[in-house]
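Take a look at the structure below.
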Amino acid sequence: MRYALWLISLLLAGILIAACQSPKAPVIFEEKMMVMGTVVSVTIAGEEDKLSNKAFHDLLTDFKYMQAAWNPWKKGSLARVNQLLPMGPAFTIGPGIKDILERSRILAQKSDGLFNPAIGKLVKLWGFHQDEMPEGPPPSDAQIQKLLTSGLTLDALTVEGLSLVSRNPDITLDFGGFAKGYAVDKAIEHLQRLGIKNAIVNAGGDLRAIGSKGDKPWVIGIRNPRTEGIIASLRIKGDESVFTSGDYERFYDYKGNRYHHILDPRTGYPANETRSVTVVHGDAATADAAATALFVAGPKRWEEIAKKMAVSEVMLIDKAGKILISAALNARITFLDRKNLDITVSRLVHE
Amino acid sequence: MSEIVKITPVREDIMIARFAALAIGIHVIESLLPSPIPGVKPGFANIVTLLVFLRYGLEAAAWVSILRVVVGSLIVGTFLSPTFALSFSGAVLSLFVLLACAGFNRRYPAHGLSLFGIAILMSMTHMATQFLVVYVFFIPHNALLDLLPVMMSAALIFGLVNGYISQNVSTRLDMSRNHVSHDTLMPSDDRNKIPGNQLK
Amino acid sequence: MTLTRSDTVVVALGFLLVSSLYWGFWRADESAAELVIFVNGEKAYILDLFEDKKITVKGSVGDSLIEIKNGQARFISSPCNTSFCVRSGWQMHGGDFAACLPNSVSLHLSGGTKVYDAINF
């Protein structure tokens, strides 16, 4: 009797000690907002509710502002620029537009023009510029070729100080290919200015994460483009972005054909060799632009463009469902069902 | 002309004061020890309460317990703080449990509880009361409930430890007033046997 | 030191109580517990995932029909032309969500153990 009781006491003491050892999970704040045409989720770890709430509302304001400012056609900063560009003479632009324009120019150059914000008119022709999905029919070949021949490229634009002029009246700017990334970067910077060190800003599935969840890293699940399930998971190290461009995000079906929103600037048609591209990189703007560019590059040129854009962690799923993944990403990603996937690892040798 | 009220301590007062001092001393030393989880202390001072109860009855034990909480908090510096509210309510409810146990023992002497069982009941009541007060008045948050199992385990363990110690001490010091079997707690309710008791 | 039977009963009850507390509050729940439906960015409904039902949610463009069954939730129909929300099918884990953006309606599953801190897609 006596010994049994000692045993019970020890057992309970053991539980108590074990409970003390378990690492303290930090307070997690998670809220969602509907903005920028998608659901943006903000996760903050280890901060007081008051700060997290303020941060969330600040970001809501930021995103709403950015959404209005960068809409290519609806009243706002970019719409104004797009109105003035075809008219001819130089005009003044705000520092905000200048910054995003210059950022996009660098990325466009590095991507060999596969990421191209100068194709606003082409996007509009296809109907992907608006919030609602177009219903078809798709534009005619003649219409498309007419736009392409003029050479829709940022090279036709010259910026001097705050003055902008265009040599090609067919050019209007649409930053859709990296606007989400750019916005997420701004959001993270805002959080950092508020002193927040551990957070995730997830704009409709594309995210940037900083810090960690207590002493455990943030764990990101990557969803299969064709089914609902998760195909792989990734542990975030430090400050990283995970962006995916897919053919399932914005599209319409017309007469049995599917037309999605990632247009190949060279052909004027939706790029059709790829299902999705996932890029893991430091800043979100680059990750977003790279995901767009590599989607267009397709299985044939993705390695080349990835090297040029200096992104080393890439996963591309082609139209047949085959997975092409860079060695660097392959080393740290965990596929949930590896043996049932067709995976080819590529050594993107650069630097 | 107002009369100066002179309080002359009688022997029982002195007895209670001494035991209370002992309990307070234990309490203060215990509060200096670090604890892995805030609010979880072995509560060894309760041993004094139990032994006083065994020998001098419930009222004396109540005095010792309350004095321990009040004076202890004065010394440690938490008087009238939320911590105090917790200690106090915990102590009060534990005393009610003590009363209930005494009643139980009186009614069913054959199935009486020893100090061991009573210590466990008092310890768990104390912890549960504190938890309830925190939950209702201070932090009505669901995350708090995750702590409950751990706290109650601690209360159980420390109840076992205190019970064991109390039981042993009472046996060795032959504290049972009525010299009955040390296994069963039979509090003395024959107060006239306490030397110098004039107040009842 | 001898213990009475009552003492043993007390110990046993104490042990039982503590165990049931662990079981009650610490059990890791695999499935999600709650469905939160946002309309126009505001939390419009909070529903129990374990109560099967169909609910019509009025959004900015029309009515979205949402179904809850067996701890899972999905859009049955929605007044948008991509129907991405409907095509995402059944949502089952905490953190899963589906959204009909044109209609400003989204459903989110919360509660349960979260395997991933965020989902990329």
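Just so it is clear, none of the values below were taken in a lab; they were calculated from the coordinates. Worth saying up front: this structure is predicted, and the values here are computed from it rather than measured. Because the Cβ atoms are built from the backbone with ideal geometry, glycine has one as well, and the counts that use them run over all protein chains shown.
What the table shows:
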{"item": "Span from the region A:299-351 Cα centroid across to the region C:63-96 one, whole angstrom", "result": "32"}
{"item": "Selection of chymotrypsin sites (Phe, Trp or Tyr not before Pro), region A:62-134, meeting DSSP coil and at most 12 other Cβ within 10 Å", "result": "none"}
{"item": "Centre separation in Å (Cα based) which lies between region A:116-146 and region A:47-80", "result": "27"}
{"item": "Set of lysines with alpha-carbon distance to residue C:58 below 18 Å, sequence-local pairs under 8 removed", "result": "C:43"}
{"item": "Computed FRET value (nearest 0.05) for residue B:14 with residue C:90, which takes r as the C-beta separation and R₀ as 51 Å", "result": "0.10"}
{"item": "Extension gain, residue B:137 back to residue B:173 (0.36 nm per residue minus Cα-Cα distance, nm)", "result": "8.7 nm"}
{"item": "Inter-probe distance in nm under a simple model that places probes 7 Å from Cα toward Cβ, at residue A:267 and residue A:192", "result": "3.9"}
{"item": "Burial ordering of C:19, A:77, B:114, fewest other beta-carbon atoms within 10 Å first", "result": "C:19, A:77, B:114"}
{"item": "Sites residue A:155 and residue C:114 - FRET efficiency at Förster radius 45 Å, r taken between beta-carbons, to 0.05", "result": "0.45"}
{"item": "Residue pairs, from the table A:74/A:319; A:110/A:180; A:146/A:308; A:50/C:114; A:213/C:53, whose Cα atoms sit over 28 Å apart", "result": "A:74/A:319; A:146/A:308; A:213/C:53"}
{"item": "Nearest-0.05 FRET efficiency for residue C:70 and residue A:131, computed from C-beta distance (R0 22 Å)", "result": "0.05"}
{"item": "Estimated 222 nm signal from helices in the protein assembly as shown, with DSSP H stretches of n ≥ 4 weighted -39500 (n - 2.57), rounded to 500", "result": "-14000 deg cm²/dmol"}
{"item": "Loop sites in region C:31-115: GluC sites (Glu not before Pro), DSSP, at most 10 other Cβ within 10 Å", "result": "C:51"}
{"item": "Separation in nanometres of the label points that stand 7 Å from Cα toward Cβ, at residue B:81 and residue A:68", "result": "5.0"}
{"item": "Label-point gap, in nm, between residue C:55 and residue A:105 - each point 7 angstrom along Cα→Cβ", "result": "5.1"}
{"item": "Region A:274-351: trypsin sites (Lys or Arg not before Pro) in DSSP loop, at most 15 other beta carbons within 10 Å", "result": "A:319, A:322, A:347"}
